[in-house]
1. Taking helices (runs of 4 or more DSSP H) that fall entirely within the stretch 196-290, which contain at least 1 residues that are modelled with pLDDT of 90 or more and of a type outside the set (S, T, N, Q)?
2. Could you grab me the full set of residues in the stretch 129-153 that are of a type outside the set (Phe, Trp, Tyr) and over 23 Å from Asn54 (Cβ atoms)?
3. Need at least 2 residues that are surrounded by fewer than 22 Cβ atoms within 10 Å (Cβ to Cβ), more than 13 Å from the chain's Cα centre (by Cα) and modelled with pLDDT under 90 per element, so show me which strands (runs of 3 or more DSSP E) inside the stretch 31-139 make the cut, counting only ones lying wholly within it.
4. Could you say which residue among Pro83, Pro115 is in contact (Cβ under 8 Å) with a residue 12 or more places away in the chain and not polar (S, T, N, Q)?
5. What is the one condition in (1) farther than 29 Å from Ser265 by Cβ; (2) under 15 Å from the mean Cα position of the chain (by Cα); (3) crowded, with 22+ Cβ neighbours inside 10 Å that Leu166 does not satisfy?
Amino acid sequence: MSDAIDALNAKLDRLIAAMERLAPPAPPTPDFAAADCFVWDAAIGALAPVPVVNRVEIALIRGVDRVRDILLDNTRRFAEGLPANNVLLWGARGMGKSSLIKASHATIGAETGTPLKLIEIHREDIDALPRLMHLLKPAASRFIVFCDDLSFDQDDTSYKSLKAALDGGVEGRPDNVIFYATSNRRHLLPRDMIENERSTAINPSEAVEEKVSLSDRFGLWLGFHKCSQDDYLEMVRGYAAHFGLEIDPEELRRDCLEWATTRGSRSGRVAWQYVNDLAGRLGAQLSRAE
């Protein structure tokens with residue numbers, strides 16, 4: 001009987017050892033001193049440092065002065081340990097929503113000297129947001145968690161994870177974490193999805209409340225509207241002056257307006273693309289702020 005038990009124990013030990021070998025390795029402990037910006041890799045539960053960040057100086061983001069100042073003030077208060085809100089930047093595409101977040105992080109981090117970190121989470125990894133929040137909570141740094149182009153499609157239930165993370169559940173959102181998101185939709189959900197819920201429900205108002213209330217978790221809504229011609233020209237001139245592109249002002253005006261016409265829109269992105277093309281034609285180099 002004793003021999004049988006010993007044999008069984010030996011088999012169990014081998015089985016446990018085999019299972020441990022099959023288990024994925026524990027994610028590495030984050031080294032927040034490695035960089036100011038990171039990308040969340042939900043597959044392995046780790047943060048990848050970004051040594052060089054693709055961003056522009058905040059002075060180059062034109063035509064959005066009011067929302068710029070509001071976002072800077074909110075970010076400054078958060079960096080200083082004061083109450084601050086989660087922020088949803090929504091509206092017209094190409095108007096500098098994500099650029100403004102990255103520029104605000106750099107500006108306020110340098111201004112306050114606070115160990116302020118920017119962490120990008122991809123839209124498809126939103127369901128892992130509570131896990132990321134848990135990882136960041138004990139750290140000494142302060143974190144802006146940023147999701148670009150956030151929206152949800154039909155039958156997508158991952159928005160529930162976002163709601164839970166923004167509210168923080170029983171524990172509450174960590175004091176050292178704030179969430180910034182950009183979207184073309186103010187309510188983050190397509191209109192037909194909301195209307196379908198309203199038309200098929202016994203109580204239409206209650207049916208859509210859960211979905212529409214997602215955007216209510218953001219204390220600040222900053223709207224970005226379509227670019228006027230004057231704003232577009234100001235953006236182009238600002239880029240040209242910053243990078244020292246020598247061109248006759250009237251030619252610049254005529255040329256950039258023609259560029260916008262061929263693109264069918266005016267925006268900060270179109271202005272940057274025009275200046276990029278102009279620099280190439282003039283043989284000049286452009287370098288974004290790091």
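The values are calculated or read from the model by the stated rules, or taken from the named source; none is laboratory data. A quick note: this is a predicted structure, and the numbers were derived from the prediction, not measured. Here the Cβ positions follow ideal geometry from the backbone for every residue, glycine too, while neighbour counts run over all protein chains shown.
1. Where helices (runs of 4 or more DSSP H) fall fully within the stretch 196-290 and carry at least 1 residues being modelled with pLDDT of 90 or more and of a type outside the set (S, T, N, Q), they are 229-242, 249-263, 268-282.
2. Pro130, Arg131, Met133, His134, Leu135, Lys137, Pro138, Ala139, Ala140, Asp153
3. none
4. Pro115
5. Leu166 satisfies all of (1) farther than 29 Å from Ser265 by Cβ; (2) under 15 Å from the mean Cα position of the chain (by Cα); (3) crowded, with 22+ Cβ neighbours inside 10 Å except (3).
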